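Here is the structure we will look at.
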Amino acid sequence: MQSQIHQNQLPLPPSWAAKAIVYEIFPDRFRRSGLVDGHSELKFQSWGADPSLQGFQGGDLYGVIENLDYLQEMGITCIYLTPIFSSAANHRYHTYDYFHVDPLLGGDNALEALIEALHLRGMKILLDGVFNHCGRGFFAFHHLLENGKDSPYRQWFSVHNWPLRPYSNRGNNCGYSCWWNDPALPKFNYEYPPVRDYFLRVATYWIERGIDGWRLDVADEVPLDFWKEFRYKVKGLNSDAWIIGEIWGDARPWLDGEHFDGVMNYRIGWSTISWVAGRRLKSKYRNPAYPLKKLENNEFIEILQTTFGWYKSETNSSQLNLLDSHDVPRALHTLEGDIRALKLALLLLFSQPGAPCIYYGTEAGLSGGAEPKCREGFPWDEAWSVDLRHYILELVSLRSNFPQLYQKGLKWKSIGQDGLLGMESDGAYSCSEGKDSICILINRSRRKWLSFSQSFIEQLFLVGDLDLTRKRVAPQSAVLFKGNFNDEVKQLF
């Protein structure tokens, strides 16, 4: 652990975050190890059963340990686990004990072993902190249900009327504040100091036990001033800890250096998928924070410029960029199974400042729809419809070999109706003045070749096909190259 920081210091985001390749794991659906005490006596759903909000398939943390070779061979350097603390839900966002790992996942010993195994490999781990609300079994809420107004814990929650109705239908008046009117998720009262103290203890407890950072659930629903104190406490123990908030849109109030290092950059996700899909986009999913819709070139470029323009360069470098997650339809589902479009989306994901995050099973072609369909069991014992492991490793190598992609980003220009030209940037969305610049040319069209006039010096990476003699890129193809750009080309930007 790092030494204590002074209260007036604002530590920068950890340098390792900019280079991280993150893999998000939904533990119940990743791998069942057979090593958890008592598992053999329990009745789980069959592995690979239709995902649902109810029922457990028995994935555990020892299953993650068993597959660290698999992850590392794909270039993964950091794992992000969705909640692992004791809970009565398979997704574990209904936490009832924040100081213990769920026994179904292997308990505290399994997490200790996982942290040790990761760190021996030079890998990192982020845990999911659900600090806005809890499950009905949380000790203070359980006490409140049993004792009513006489419970000394009544101020931990915002009670509106008695008696409480914890099993009323969602949307009905249950008598207390809860997350999105769901009585299964009582919302904490952060005006009450013991609540704040409790979660600061939770945060520091797991940092002291070796985790490398936090992903913070529905962070915009917890008071800003709490996150400021949270940062001070966590960074005081480990200044290299990575703090990521779940903010789906404009996160400037949380990314001023006093709260989070970065956020889950969903704007990069939905806009990238929407652009590469072109006219073949499954857009029935409705979420104003993840608005899947057809995007023209200039619309996509504007979203990228606006999003990266909101923040300082060190903040952009510590964002968690993603295409999909446990909360939204899988990218391949939205792309209607189009693997070539997914490969272009992944290339764009790896070509931006910030850490790319791969949702488990993307490499195996998982294509589940809206929650909970996107939480499938990993198909370890089945034939995969596609295997993108080698491609992802190639993208990891590309990012390593050309760090300017994540250090400064690219400046994008529309080419025709379906093409994008990205040129090496100086970090302020103006083009590099060097003669030999890194450039990406992407053609999303499914039918038409994309012609270009730029001068090639060296081809660095190719997705699909390229006709260099006739200077054109094949449909659904992309090329990264070193080019010699004259003043006429630079004026495009």
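The values are calculated or read from the model by the stated rules, or taken from the named source; none is laboratory data. This structure is a prediction, so every number in the text was calculated from the model and none was measured. Here Cβ is always computed from backbone atoms with ideal geometry, including for glycine, and neighbour counts include all displayed protein chains.
Residues checked against (1) at pLDDT 90 or above; (2) in contact with a Leu (Cβ under 6 Å, 6 or more places away or on another chain):
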residue	(1), (2)
Glu382	yes, no
Lys413	yes, yes
Gly419	yes, yes
Ser432	no, no
Leu462	yes, no
Leu466	yes, no
Gln476	yes, no
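Scanning for something closer than 17 Å to Cys374 by Cα and crowded, with 21+ Cβ neighbours inside 10 Å, does the stretch 96-115 turn up at least one residue?
So far as the stretch 96-115 goes, no, none of its residues is closer than 17 Å to Cys374 by Cα and crowded, with 21+ Cβ neighbours inside 10 Å.
Residues being of a type in the set (Asp, Glu), surrounded by fewer than 24 Cβ atoms within 10 Å (Cβ to Cβ) and touching a strand residue (DSSP E or B) at 6+ places or on another chain (Cβ under 9 Å) are entirely absent from the stretch 202-209.
Taking the stretch 174-197 only, how many residues are at negative phi and either in a loop (DSSP other than H, G, I, E, B) or of a type in the set (Phe, Trp, Tyr) (or both)?
Residues in the stretch 174-197 being at negative phi and either in a loop (DSSP other than H, G, I, E, B) or of a type in the set (Phe, Trp, Tyr) (or both): 13 in total.
The conditions of being assigned by TED's automatic domain parsing to the domain that holds Thr334 and at positive phi are met by Gly278. Residues in the stretch 73-87 that are part of a loop (DSSP other than H, G, I, E, B) and in contact with a strand residue (DSSP E or B) (Cβ under 7 Å, 6 or more places away or on another chain): Ile76, Thr77, Thr82, Pro83, Ile84. Taking the conditions exactly as written (under 19 Å from Tyr190 (Cα atoms), in contact with a Pro (Cβ under 7 Å, 6 or more places away or on another chain) and outside the structural domain of Ala241 (by TED's automatic domain parsing)), does Tyr167 satisfy them or not? It is false that Tyr167 is under 19 Å from Tyr190 (Cα atoms), in contact with a Pro (Cβ under 7 Å, 6 or more places away or on another chain) and outside the structural domain of Ala241 (by TED's automatic domain parsing). Looking at Val202, is it aliphatic (A, V, I, L, M) and farther than 30 Å from Ile339 by Cα? So Val202 fits the description; yes. Scanning the stretch 387-412 for residues that are over 22 Å from the mean Cα position of the chain (by Cα) and of a type in the set (A, V, I, L, M, F, W, C), we see that the one that is farthest from Asp60 (Cα to Cα) is Trp412.
The residue pairs whose first member lies in the stretch 114-127 and is closer than 21 Å to Met264 by Cβ, whose second member is among the charged types (D, E, K, R), and whose beta carbons are closer than 6 Å, counting only pairs six or more residues apart or on different chains, are Lys124/Asp212; Ile125/Asp212; Leu126/Arg215.
Of all residues in the stretch 374-390, which are outside any loop (DSSP other than H, G, I, E, B) and free of Cβ contacts under 8 Å to residues at least 60 places away in the same chain? So that I can check it myself, show each step before the final result.
Initial filter on the stretch 374-390 (outside any loop (DSSP other than H, G, I, E, B)): 389-390.
Of everything in the stretch 374-390, just one residue is outside any loop (DSSP other than H, G, I, E, B) and free of Cβ contacts under 8 Å to residues at least 60 places away in the same chain, namely His390.
Considering each of Gly59, Gly34 in turn, give the residue that is of a type in the set (Gly, Ala, Ser) and surrounded by fewer than 17 Cβ atoms within 10 Å (Cβ to Cβ).
Values: Gly59 fails: surrounded by fewer than 17 Cβ atoms within 10 Å (Cβ to Cβ).
It is Gly34.
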